[in-house]
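Any read-out appearing in this document is the output of simple, stated calculations on the displayed coordinates, not a laboratory observation. Since this is a predicted model, take the numbers as computed values, not measurements. In this analysis, Cβ positions are derived from the backbone assuming ideal geometry, glycine residues included, and neighbour counts consider all displayed protein chains.
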Amino acid sequence: MNKKENKISKDIKINKKSAKRNYSNQTGITLIALVVTIVVLLILAGVSLNAIFSENGIIKRAQDAQNKMDQATQNDLDSINELNNWIDGKINGSSGGNTTTPPTPTVKKYTEASKNGDGTLKENAEYTDPEKAKVTIPKGFKVSEVAATEKTDGEQTVSKGLVIQDKDGNEFVWIPVNYTATNVDANSNGLDDGFEAIFKRSTTNSSYSEPSASGYTGENTEYLKMMQSVQANKGFYIGRYEAGTTSPRDKSTTTTSTVVVKRDAYPYIYVKWGDAMNTVGNVGAVYLSKNMYAAGTIGATSTLCYGVQWDAAMKFVEDSTHSTSNSTTWGNYKNNAWTINRTTAKYTESTNAQKESWQAITSNKSKTDSKSILLTTGASDNFKAKNIFDLAGNVYEWTMEANLSARRVYRGGSFCLNGTGLLFVTTTVRLSAATASVSVQLYTCNTNHWFHEPERMN
């Protein structure tokens, strides 16, 4: 092979190597592009699938919308059928009729359109909780809007203690009263016998009565309306906190204070039940309870707690950690040693003084099991049962229940008595005092016992 042929042969080999290198580079770039494309497509597919199939996706929203429409239709049909049965009972005397009261109309569903600007409802509406339990939310209230991190407390769930709030932040908890209807009204009072068998006071002692035979004019009517409301709605609301004030009260306080049902309020102490058994007056617990809300502003009736309601609340909250026969561990009692670290809470130890000296909790505040310390409302989560605070201990609760002909009953125990053992008052124990009393000496405690009126809603 001559020189020229050798050169041509070398050039051909070099070109082959160069071509091979170029092809390899092109192949590498092409594969990378393909991988990137696939990854992008997978991401887009994931986003699309999530938008379609996730909990808040298109399909789920469509299903929810259909379910709401179906439920609304069913509610309308139920209401029509119920009304037809009632009318038929009135005309033909069939078993579907109620000779005392007409059926309660079905309320509208809880929707965004039914809310005021502050989130409260324009009218009574039905709410379905995460466990599918249904409850009526009164006009002027909204379901607790707790942060996502706090939803474990169950503030939006009936079985755990559903919380509602008014526009001012006062809070109440739903007490469910479930019963099996018998369709028998032996007393002709509009109350189903199955309901009366479940919703009744825990004592048969003839010394106690409700409503009181010595009570004020209209007390019997108010009691019956309360019972019929609980039956129709299968429950009632109770104040989440002890009734309180924004400024502390003392023995010298003679005027009424604005009642709040909020955390970190001063307990509404030094308040009498009323002027007398048959006279409510205008400064006592009964009057304040009735007049917490102006007429027509809410879709419920505000009253002092009835004995039967207190007993129902005890049944609802009682569990393995909230015993009603030994309330010590979940209440502010003398024999309960506790530590509180909520800096917004306050306490007073000057319980024998004419004027209480309240102090802020600036660091962990501890109490021994032989000391009496009064606290502001909702001071500790350890004193909470089904989202209701201070049912046990702290201050007593006036109720509508009567003892004989001249005394009214108070419940819940006190910060200066024990929750069990010697000189104890558990959440179920009944004590009583003259209606005009504002402080009472009990047992051997040298501390004045104070009363407040818990706001209760039917």
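General remarks:
- As a length-normalised measure over Cα pairs under 8 Å and 6 or more apart, the relative contact order of region 223-457 settles at 27 percent.
- Each Lys or Arg adds one and each Asp or Glu subtracts one; over the other residues with Cβ under 9 Å from the Cβ of Ile361, this totals +3.
- The H on the amide N of Lys108, modeled in the peptide plane, is under 5 Å from the matching H of Glu126, each at least 5 residues off or on a different chain.
- With a threshold of 19 Å on the Cα-Cα distance, the over-threshold entries among Lys115/Lys160; Lys109/Lys234; Lys200/Lys386; Lys225/Lys315 are Lys115/Lys160; Lys200/Lys386; Lys225/Lys315.
- Going by neighbour counts of Cβ atoms within 10 Å, the residues Thr255, Thr426 line up, fewest first, as Thr255, Thr426.
- Computed magnitude of the charge dipole of region 109-167 (debye, nearest 20; Cβ of K, R +1, Cβ of D, E -1): 200
- Peptides 304-311, 221-228 ranked from most to least packed give 304-311, 221-228, packing being the mean of other C-beta atoms within 10 angstrom over each peptide's residues.
- Cut-off under 5 Å, modelled amide H: who pairs with Leu431 long-range: Tyr410
- Beyond 31 Å, the tail of the calculated P(r) for region 223-457 holds 15 percent of the Cα pairs.
- A Cβ-based charge dipole, computed about the Cα centre of region 223-457 with Lys and Arg at +1 and Asp and Glu at -1, lands at about 140 debye.
- Sorted by Cβ neighbour density within 10 Å, fewest at the top, the residues Thr362, Thr203: Thr362, Thr203
- Cβ-defined net charge surrounding Leu121, 9 Å radius [Lys, Arg +1; Asp, Glu -1]: +3
- Net +/- balance of residues flanking Gly393 in space, Cβ distance below 14 Å, scoring K and R +1, D and E -1: +1
- Ordering of 120-127, 266-273 by burial proxy (mean other Cβ atoms within 10 Å per residue, highest first): 266-273, 120-127
- Tensor-based shape of region 231-346 (alpha-carbon gyration tensor, a/c under 1.5 rounded, otherwise prolate or oblate): oblate
- Here Glu318, Glu242 are placed in order of increasing Cβ neighbour count within 10 Å, fewest first, which gives Glu318, Glu242.
- Inter-centroid distance (Cα atoms) of region 225-289 relative to region 166-218, Å: 19
- Sorted peptide list for 288-301, 395-408, criterion being average Cβ within 10 angstrom, highest first: 395-408, 288-301
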